[in-house]
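Take a look at the structure below.
The values are calculated or read from the model by the stated rules, or taken from the named source; none is laboratory data. If you're wondering where the values come from, they're calculated on a predicted model, not measured in any experiment. Cβ atoms come from the backbone with ideal geometry, glycine included; neighbour counts cover every protein chain shown. Ligands, DNA and RNA are excluded from the accessible area calculation, which covers all protein heavy atoms including side chains. Shrake-Rupley method; radii C 1.70, N 1.55, O 1.52, S 1.80 Å.
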Amino acid sequence: MAIHDPNYVRIFDTTLRDGEQSPGATMTSAEKIEVARALARLGVDVMEAGFPAASPDDFEAVRRVAQEVGNLQDEGREPPIICGLARATDKDIQAAWNAVKVAKHPRIHTFLATSPIHMQYKLRMDPEEVVERVANMVAFARSLCEDVEFSPEDAGRSDPEFLYVVLGEAIKAGATTLNIPDTVGYTTPDEFGKLIAGIKANTPGIENAIISVHCHNDLGLATANTLAGIAAGARQAEVTINGIGERAGNTSLEEVVMSLYTRKPVFGLETGIDTTQIMRVSRMVSNYTSIPVQPNKAIVGANAFAHEAGIHQDGMLKHSQTYEIMRPELVGATQSRLVLGKHSGRAALRQRLVEMGYQMTDEEIVRVFERFKQLADRKKTITDADLEALMTDEMGQARELYTLDALQVTCGSIGMPTASARLRGPDGQIHTHAAIGTGPVHAAFTAIDEIVGVPVTLLEFAVNAVTEGIDALGEVTVRVRYICEDDSAECGDAVNPQSGAAIQRTYGGHGADSDIIVASARAYLAALNKVLIANGLYDGIPEQSAETVVAK
Ligand code: KIV
Ligand code: ZN
């Protein structure tokens, strides 16, 4: 099997854990399952599904991923390893094990900081105590699970000599993967490569373990550092889709995978990733987290394969490799072809969606077909990208507390923009409200606010056309801030224990429609629903509503 091949680099995806820690990137449990299925299809070797000890919801999300995706035998492929993160405490490690043990290949990932600043101020522990805790906790994890990963947090700013000792103890206690995080994105490629080479040369027992690298992008060096670590001997790369993650993000999966692929003569290494799935997963993660992909983002940005300058276009016409180092179809970036139209039937739609990885019941296909027909009436040709936007919107709507039943807006240069919104509430009741605003979006959001009644501040609002053309489907992402003031509510620590300030959380929402005001209302409602669910502001969330459409 490729995994024993010394030239094989394991791809450890942490979109659902480190990626979900990006401000506002919170995904519902059902969205996480869909992302996990898409990651399995992409061919990741390991999937870090979350941090089970963080909350009952996190635990349940990891357990579901372990159960549903950790046993998927898709197209004869082994299911991925499902990993749960744990601090180096009995309680966290036990929770991680309880959540992942149902997977065919479970892994516990435990960590403890090793840099002087973290040991002194955060942990308030001596180096000797750190070494002892690592040995004990890795041994405990290993008593539960055969596959244990250990990370010395902030390794990038740790003393290499101390790392050799800590890592040696972790290996003795049973760790099978040693992950080296540049937690604050501080190192340069040269330094990070040397750190990995030093660990490989000086850590007792390292020949029996896999070295992994985990870089953050604070200086924009995450991909370069990861590749330097791989060149120095690491055989696992920890990455996220679109590079999302804490602060400036993590190393992006697509950049590392396509670097290894495109520059194979340089690295001589390979991964198990099906690169043609990259674009699809990128869009899905962007939609669910409501974090747009910057147009010039390498590999997955809208302009990544666009050639604008005359000289470039001329070169491309003569030979595509004059300005193109990889073909767009290699990463699934050619989804603008016509796939369906007004006269396509339900069977054709279902078949196309199955080919794209979605599985639906008859009932669900009826609803999706209804929206497809509405779209086809307004838009001449429907592409894969349109279907993808429609499906992520549908899946989001299907499990929301409030759904948009109807929206009527009047606006223009004369008169007052007015919106009437009709929502179906969690109790199945219809609620209607009309409001005026400074523009149609403001009026629509105000009408929705009057019904839902959750106080938020709109931070970001972005509209994008899914495809080219005047009749394109519009995609809207919004980001809202909710200030959690009630300490006794289920919103966890409402007040920062150090500063005493009320904790603010951001949530995103995504909507798609050929009418951008409707798309905006859908996106706003999706964000409000996340606020309600994540902060326990609504009792009795209908559980069955979380299951409506599942991606294969
Ligand atoms: O960045 C980091 O140090 C982490 C660890 C938990 C691996 O995410
Ligand atoms: Zn990290």
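How big is the Cα convex hull of segment 240-311 in projection, averaged over all directions, in nm²?
6.2 nm²
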For this session: Calculate the all-directions average of the projected area of segment 10-289's alpha-carbon convex hull, and give it in nm².
Result: 13.1 nm²
Problem set entry | Tail beyond 15 Å, pair distance distribution of segment 1-95 (Cα, percent) | 60 percent
Exercise. Got a number for the accessible area of His510? Probe 1.4 Å, square angstrom, nearest 10.
Worked result: 20 Å²
For this session: Per DSSP H run of at least 4 residues, take -39500 (n - 2.57); add these up for the chain, divide by its residues and hand me the 222 nm value, nearest 500 deg cm²/dmol.
Result: -11500 deg cm²/dmol
Problem set entry | Extent along principal axes [Cα atoms of segment 90-245; Å; largest to smallest] | 37, 35, 30
For this session: Just reorder Phe59, Phe461, Phe372 by solvent-accessible area, largest first, 1.4 Å probe, all chains present.
Result: Phe461, Phe59, Phe372
Seminar exercise, completed: Given 9-20, 319-330, the highest-first ranking by average Cβ count within 10 Å works out to 9-20, 319-330
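For segment 76-153, what number results from the quotient of the Cα radius of gyration and 2.2 N^0.38 Å?
Relative to the 2.2 N^0.38 Å estimate, segment 76-153 comes out at 1.19.
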Problem set entry | Proximal lysines relative to Lys194, as straight alpha-carbon distance under 26 Å, when same-chain residues fewer than 8 apart are discounted | Lys172, Lys264
Exercise. Around Val213, which amide H atoms from residues at least 5 apart in sequence, or from another chain, sit under 5 Å from its own amide H, with H modelled in the peptide plane?
Worked result: Ile180, Gln236, Ala237, Glu238
Problem set entry | Given charges at Cβ of Lys, Arg, Asp, Glu: the chain dipole, positive-most of Ile82, Met119, Ser520 | Ser520
Problem set entry | Protection proxy ranking of 89-99, 413-423 - average other beta-carbon atoms within 10 Å, highest first | 89-99, 413-423
For this session: At a Cα cut-off below 13 Å, give the aspartates and glutamates reachable from Lys122, other chains included and same-chain residues fewer than 8 away excluded.
Result: Glu153, Asp154
Exercise. What accessible area per residue, rounded to a whole number of Å², is obtained for the chain using a probe radius of 1.4 Å?
Worked result: 43 Å²
For this session: Using amide H atoms built 1.01 Å from N in the peptide plane, name the residues 5+ places from Glu460, or on other chains, whose amide H lies under 5 Å from its own.
Result: Arg479
Problem set entry | Rounded to the nearest 20 debye, dipole of segment 1-158 from Cβ charges on Lys, Arg, Asp, Glu | 140 debye
For this session: Among the lysines, select those whose C-alpha is under 21 Å from the C-alpha of Lys297, and discard any that sit fewer than 8 residues away in the same chain.
Result: none
Exercise. Per residue, how much space in cubic angstrom lies within the convex hull of the C-alpha atoms of the chain?
Worked result: 163 Å³
Seminar exercise, completed: Magnitude of the Cβ-charge dipole (Lys and Arg +1, Asp and Glu -1) of the chain about the Cα centre, nearest 20 debye, reported as 1100 debye
Seminar exercise, completed: Of all DSSP beta bridges with both partners in the chain, the antiparallel percent, nearest 5, is 55 percent
Problem set entry | Solvent accessible area, Å² - Cys145, 1.4 Å probe, full protein context | 10 Å²
